[in-house]
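To start, the structure under review is shown below, and the notes come after it.
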Amino acid sequence: MAHLTLNRYIWILNTLIKHRELTFEEIAERWSESELCNGKPMALRTFHDHRKAILELFGVEIKCNTSNGYRYYVGSLDSLRQDKFRNWLFNSFSLSNMLQTSQNLKDRILFENLPKGTEYLPTIIEAMREGKALELDYQRFGGESRETFHIEVYALKMYHLRWYILGNIREREGLRHLSLDRILEVKLTKEKYTIPENFDAEKYYANSIGIYVDPNLAPQKVRIRAYGNQVEYLRTLPLHKSQEEVLTKHHQYSEFQYRLCLTPELTTQILSMGNNAEVLEPQELREKIHEEIQNMFNRYN
């Protein structure tokens, strides 16, 4: 039943975003025509209850324009767009809603395969919520045997369709990352832990791309020249939140500037752009990219 109620919240939000302003009667009429209705009309009291729930869950207020025939509208979507968690939650359930009501299109909507490990998410989130350590069996890529770790989970992060745990591994005495698709078994323990008050997940990853964080690395100014369609790709999906477009040569190239630590993942991301990207500075990174390209050339030669 919970997921059906959530579907209603998503439907109301999407309907009002699409039509800008609607009276309750117009909302109820559209609800009766939707595939989610299942023959059950929407009552006014239920609608108001859903308005409160939408504000609490997504941080979006549905307001009423009393001067124009009591028409309802979405007050502001800025808070939703700025909150990564709520935005991801809303988009995920919106897509789920659309797919449920478009079963005839299921063979025409294609997805990438997700690595295994997502089945452990409920246990991991429970551990984070209750502040209890996890015991898990883990096998690294290329590892011959499993290892058992006890981890105090600090954060969860998705990167390139993989989920990662960041936490204090007692057997390693420090913060480490573990990929969920390499976990063999996990269970919740009764051992309590407390995250340091000064820990902030956003700040922890602030100067890095991906999950690689080296506390000994200081962020540097990175400048990349992008060519062709890569310019638009970077404009629409920035490489990092510090991205600034600092120079534009119409129909030739654009230059983007960042504040980043020089991690292996940064090198990988730049190489993935092929000959549509050139590192201008720092020289250290430019030389690293050149070295990797030379190694690739040697392998194919």
Report summary line: Of the candidates Leu266, Leu262, Leu237, Leu285, the one satisfying the condition of being under 24 Å from Tyr205 (Cα atoms) and at pLDDT below 95 is Leu237
Query raised in the report: Do we have any residue at all in segment 93-103 that's out of contact with any strand residue (DSSP E or B) (no Cβ under 6 Å at 6 or more places or on another chain), modelled with pLDDT under 80, among the β-branched types (Val, Ile, Thr) and not assigned by TED's automatic domain parsing to the domain that holds Met158?
Result: yes
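Yes/no per residue for (1) outside the structural domain of Thr267 (by TED's automatic domain parsing); (2) closer than 21 Å to Leu266 by Cβ; (3) not in a strand (DSSP E or B):
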{"site": "Glu144", "(1), (2), (3)": "yes, no, yes"}
{"site": "Leu175", "(1), (2), (3)": "yes, yes, no"}
{"site": "Leu178", "(1), (2), (3)": "yes, no, no"}
{"site": "Glu191", "(1), (2), (3)": "yes, no, no"}
Report summary line: Picked from segment 54-77 (must be more than 27 Å from Ser92 (Cα to Cα) and outside any strand (DSSP E or B)), the residue modelled with the lowest pLDDT is Asn68
**Report entry** Pair list, Cβ < 7 Å and 6+ apart or interchain, from segment 250-266 residues that are outside any strand (DSSP E or B) to residues that are among the polar types (S, T, N, Q) and surrounded by 17 or more Cβ atoms within 10 Å (Cβ to Cβ)
**Finding:** Cys261/Asn207; Cys261/Ser208; Thr263/Ser208
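The values are calculated or read from the model by the stated rules, or taken from the named source; none is laboratory data. Quick caveat, the model's predicted, so the values are computed rather than measured. Neighbour counts run over all protein chains shown; Cβ positions are idealised from the backbone, glycine included.
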